[in-house]
Protein chains: 2
Amino acid sequence: MRTLEGGVTAPKGFRAAGVAVGIKAEGGKKDCALVVSHRLASLAGAFTTNLMKAAPVKWTEAVCRWGKARAVFINSGNANSCTGPQGERDVVETAQRVAQAIQARAEEICVCSTGVIGVSLPMGRVLAGVDACAKGLSNRGSRDAAEAIMTTDTRPKERAIETSFGASLGGIAKGAGMIAPSLAPPPATMIAVITTDAVVEPGPLAEALSRAVTVSFNRICVDNDTSTNDTVLCLANGQAGGPTLAPGMAEYVEFEESLTQLCQGLAKDMVEDGEGATKFVEIVVEGAGSVADAEKVARAVGQSQLCKTAFFGQDPNWGRIACAVGYAGVPFEPVALAIWLEDIQLVSKGAPTAYDEKEAAARMELAQFQIRIRIGEGAGSAVFWTTDLSHDYVTLNAHYRS
Amino acid sequence: MRTLEGGVTAPKGFRAAGVAVGIKAEGGKKDCALVVSHRLASLAGAFTTNLMKAAPVKWTEAVCRWGKARAVFINSGNANSCTGPQGERDVVETAQRVAQAIQARAEEICVCSTGVIGVSLPMGRVLAGVDACAKGLSNRGSRDAAEAIMTTDTRPKERAIETSFGASLGGIAKGAGMIAPSLAPPPATMIAVITTDAVVEPGPLAEALSRAVTVSFNRICVDNDTSTNDTVLCLANGQAGGPTLAPGMAEYVEFEESLTQLCQGLAKDMVEDGEGATKFVEIVVEGAGSVADAEKVARAVGQSQLCKTAFFGQDPNWGRIACAVGYAGVPFEPVALAIWLEDIQLVSKGAPTAYDEKEAAARMELAQFQIRIRIGEGAGSAVFWTTDLSHDYVTLNAHYRS
């Protein structure tokens, strides 16, 4: 397993493009992306659990049920969410135009949107975007696509990995706010498109993706809001050749490990670029009765407004951490609680240690630090990644119309 | 039913005091309060559901199980939370000192603390505070007590009501941050002490208090953090005379209505004085399948960081409201969703109306406004009160050590 350049166009048989057609208010910023597989690919997806699902999410879930796709079209600047029947028609029209442009069927086209909620898509521009993307497709187009899906992101997010058995995986993602993914089968408006040339059928692909999403996109938050548009898609076109990957095979295990690593990398990229974020904080919870319990505790701390403002203030305020652990809804013995900030133990047996306050504060001056929490002797553990809550977050969201 | 002056000392047979003994870092600010009933009173309470319960919470829960009390002693500036066995011993010593000073038994003394977590109480000062309070008790001492329990509060909170049958109820409360009460029997560090001279046994008193708390303190949030110290106490000393109130009696119904009104008044006072708050927002949810479902939806909107920053920005960003409704975990038909901002309907049938954006924004310039959400045709409805999320909230909590 080694990292590669090239994002979604690193695997064989994938081309991508990103263009600007004026959907975004800020003139000249790219806002349409297209990722196309040369062959019909196995498809797996994970979608927001928000009941106010945007029209493109409902369409793409249906494509996923079929399990095969040729392409993913994404526009930024408009979420096509809460747009009624018009929104549904717009998705169909978009898929049809993509299908026409790349000689596929509409049912083989995934469509994603991200941006403002409740405004109908400017379809003239969207269709122009489809055409321009189709003309600009390139096997080096991943960066353009990654740029075109950005909203409040400050930088594009792309990663790629090569497995030891010759297959590759690539991904692009966006997401900086409305990030508290809760994907099912388990993630903000975050959107991630993963490509691979591995040979894998839709079923085993969906299983591997579901497990990877559970420990990556579903383990992050920027705020506590789960978007109406969260989507993770994985297309496997088999162009690397070799055996068909299936559970029980060493190659499948490595494939899933690679997929998990790719998803975690992209998820962490989102947190690092979170709205207003000045800190990247890793929360590790250990000693819980189950992974689910550990995750609940980690999420309570990672989503706590008081913990997040303390992270911003670089204040080793373990009392707020202990408080969040206490209301997480997971049973534990308060006297068993232990908390570490990096290498410094702040709390032991439910009470503060004689740690050096200045030394602890110094650890929090780092751009990235870890909080480790032990709540008992159970085998359940989980890792969660979060940001701080800063003035820039408030400024950005008091006025940005999402 | 009519409102009175006098807070906890409005009902007959109650005295109170508030003094400064240097527990708070800021010199000269009152930090010890004592409320004393002339007679042994019926006692009911509601306490935080946080598992990291502070030592005074555990002690006072035990007093509540007995159902009788003479007094409530409260210190601010230190929460006596996460303080191990020393914290437990300090509570007992405090109760004993109060008992000695007012000629009662230690088991009849409720003890509450609020302030910094994880630092042992300065017992010399606390005991001096008990003595000074006991000496200063007055039937006009409510305001001093209300001032002495403040932490980040900017003003004292006290209310009183007189019933038509001659009994009175009074209350003091504190709480401006770490406010997302989840009390059981159903509330931040919020602390409220309610007194009444009604004649009512502990059982019926507990029932009425539980129902009142459910629709008052448990319907508010400032942040999303449920404190380790939340406590609501109600002492009924019977000194108004008259019949013993019991379920089925008209007087009991009026008593409960008065208690509910008092609790809602104090709960709203907390939200209005919430940390950094520039807005008081009432969230009304209607048409849900049950009250519990309606409350869940109202809470999701009221706790959403993105909704709260939009409130601060005075941006009628109904998309974020619809998004929060969608992830609340309550089933509904998205096409049934309707949203009003004061008298302006923003969303109908799941999609935006042709409302006037400027007119809507003007409604949000008010210090107080209402968001009404209808999710179907069910009979379940709930009201929830919340603040905005402002720069002052971030500034305050990045540095205040709670």
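Key figures
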quantity	calculated
Hey, B:A292 over 28 Å from A:F47 (Cα atoms), at pLDDT 90 or above and either assigned to a loop (DSSP other than H, G, I, E, B) or away from chain A (no Cβ under 12 Å) (or both) or not	no
Residue count for region B:35-60, restricted to those that are among the charged types (D, E, K, R) and away from chain A (no Cβ under 14 Å)	1
Region A:228-253, residues that are over 16 Å from A:L43 (Cβ atoms) and small (G, A, S)	A:A240, A:G241, A:G242, A:A246, A:G248, A:A250
Within region B:334-344, considering residues that are within 9 Å of chain A (Cβ to nearest Cβ) and in a helix (DSSP H, G or I), the one surrounded by the fewest Cβ atoms within 10 Å (Cβ to Cβ)	B:V335
Members of region B:347-367 found to be surrounded by 18 or more Cβ atoms within 10 Å (Cβ to Cβ), of a type in the set (G, A, S) and under 34 Å from the mean Cα position of the chain (by Cα), listed by number	B:A360
Cβ pairs under 6 Å, 6+ apart, first in region A:106-124 and more than 14 Å from chain B (Cβ to nearest Cβ), second surrounded by fewer than 23 Cβ atoms within 10 Å (Cβ to Cβ)	A:A106/A:Q96; A:A106/A:A99; A:I109/A:A99; A:C110/A:V63
In region A:345-389, the residues that are closer than 24 Å to A:K296 by Cβ and either basic (K, R) or in a loop (DSSP other than H, G, I, E, B) (or both)	A:K349, A:G350, A:R372, A:R374, A:I375, A:G376, A:E377, A:G378, A:A379, A:D388, A:L389
Some residue of region A:132-143 being in a helix (DSSP H, G or I) and crowded, with 24+ Cβ neighbours inside 10 Å	yes
Scope region B:63-77; condition farther than 20 Å from B:A101 by Cβ and in contact with a Ser or Thr (Cβ under 7 Å, 6 or more places away or on another chain); matching residues	B:G67
In region B:368-393, the residues that are surrounded by 14 or more Cβ atoms within 10 Å (Cβ to Cβ) and acidic (D, E)	B:D388, B:D392
Selection from region B:117-131 of residues that are buried (at least 20 other Cβ atoms within 10 Å of the Cβ) and under 19 Å from A:A324 (Cβ atoms)	B:I117, B:G118
B:P331 vs. criteria more than 24 Å from A:T49 (Cβ to Cβ) and outside any helix (DSSP H, G or I)	no
Top-ranked residue in region A:205-217 [being buried (at least 24 other Cβ atoms within 10 Å of the Cβ) and not hydroxyl-bearing (S, T, Y); ranked as farthest from the chain's Cα centre (by Cα)]	A:L205
Long-range neighbours under 8 Å by Cβ, at least six apart or interchain, first residue at negative phi and within 14 Å of chain B (Cβ to nearest Cβ) within region A:208-226, second surrounded by fewer than 24 Cβ atoms within 10 Å (Cβ to Cβ) and among the small types (G, A, S)	A:N218/A:S182; A:T226/A:S182
Boolean, B:V98 is surrounded by fewer than 17 Cβ atoms within 10 Å (Cβ to Cβ) and hydrophobic (A, V, I, L, M, F, W, C)	no
Which numbered condition A:A25 fails, given (1) on the phi < 0 side of the Ramachandran plot; (2) touching a helix residue (DSSP H, G or I) at 6+ places or on another chain (Cβ under 9 Å); (3) modelled with pLDDT under 95	(2)
Some residue of region B:67-81 being within 16 Å of B:G115 (Cβ to Cβ), away from chain A (no Cβ under 14 Å), of a type in the set (A, V, I, L, M, F, W, C) and assigned to a loop (DSSP other than H, G, I, E, B)	no
Region A:244-285 - residue that is assigned to a loop (DSSP other than H, G, I, E, B) and small (G, A, S) and, of those, surrounded by the fewest Cβ atoms within 10 Å (Cβ to Cβ)	A:G248
Yes/no for A:T9 being touching a Pro at 6+ places or on another chain (Cβ under 8 Å), crowded, with 24+ Cβ neighbours inside 10 Å and in the same structural domain as A:L262 (by TED's automatic domain parsing)	no
From the options B:A322, B:A298, residue that is surrounded by 20 or more Cβ atoms within 10 Å (Cβ to Cβ), among the small types (G, A, S), farther than 26 Å from B:E5 by Cβ and in contact with a Gly (Cβ under 8 Å, 6 or more places away or on another chain)	B:A322
Members of region B:208-227 found to be out of contact with any strand residue (DSSP E or B) (no Cβ under 8 Å at 6 or more places or on another chain), of a type in the set (A, V, I, L, M) and modelled with pLDDT under 85, listed by number	none
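One line per residue, one yes/no per condition, for (1) hydrophobic (A, V, I, L, M, F, W, C); (2) more than 30 Å from A:T114 (Cβ to Cβ); (3) within 8 Å of chain B (Cβ to nearest Cβ):
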{"site": "A:A298", "(1), (2), (3)": "yes, no, no"}
{"site": "A:G302", "(1), (2), (3)": "no, no, no"}
{"site": "A:Q305", "(1), (2), (3)": "no, no, yes"}
{"site": "A:G313", "(1), (2), (3)": "no, yes, yes"}
{"site": "A:I321", "(1), (2), (3)": "yes, yes, no"}
{"site": "A:L346", "(1), (2), (3)": "yes, yes, no"}
{"site": "A:K358", "(1), (2), (3)": "no, yes, no"}
{"site": "A:V383", "(1), (2), (3)": "yes, no, no"}
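For (1) in a loop (DSSP other than H, G, I, E, B); (2) not aliphatic (A, V, I, L, M), each residue gets a yes or a no:
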| site | (1), (2) |
| --- | --- |
| A:A16 | no, no |
| A:E26 | yes, yes |
| A:K30 | yes, yes |
| A:L34 | no, no |
| A:H38 | no, yes |
| A:L43 | no, no |
| A:A46 | no, no |
| A:K58 | no, yes |
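The values are calculated or read from the model by the stated rules, or taken from the named source; none is laboratory data. Quantities reported herein were computed from a predicted structural model and do not represent experimental measurements. Every residue, glycine as well, gets a Cβ built from its backbone with ideal geometry; the counts of neighbours run over all protein chains shown.
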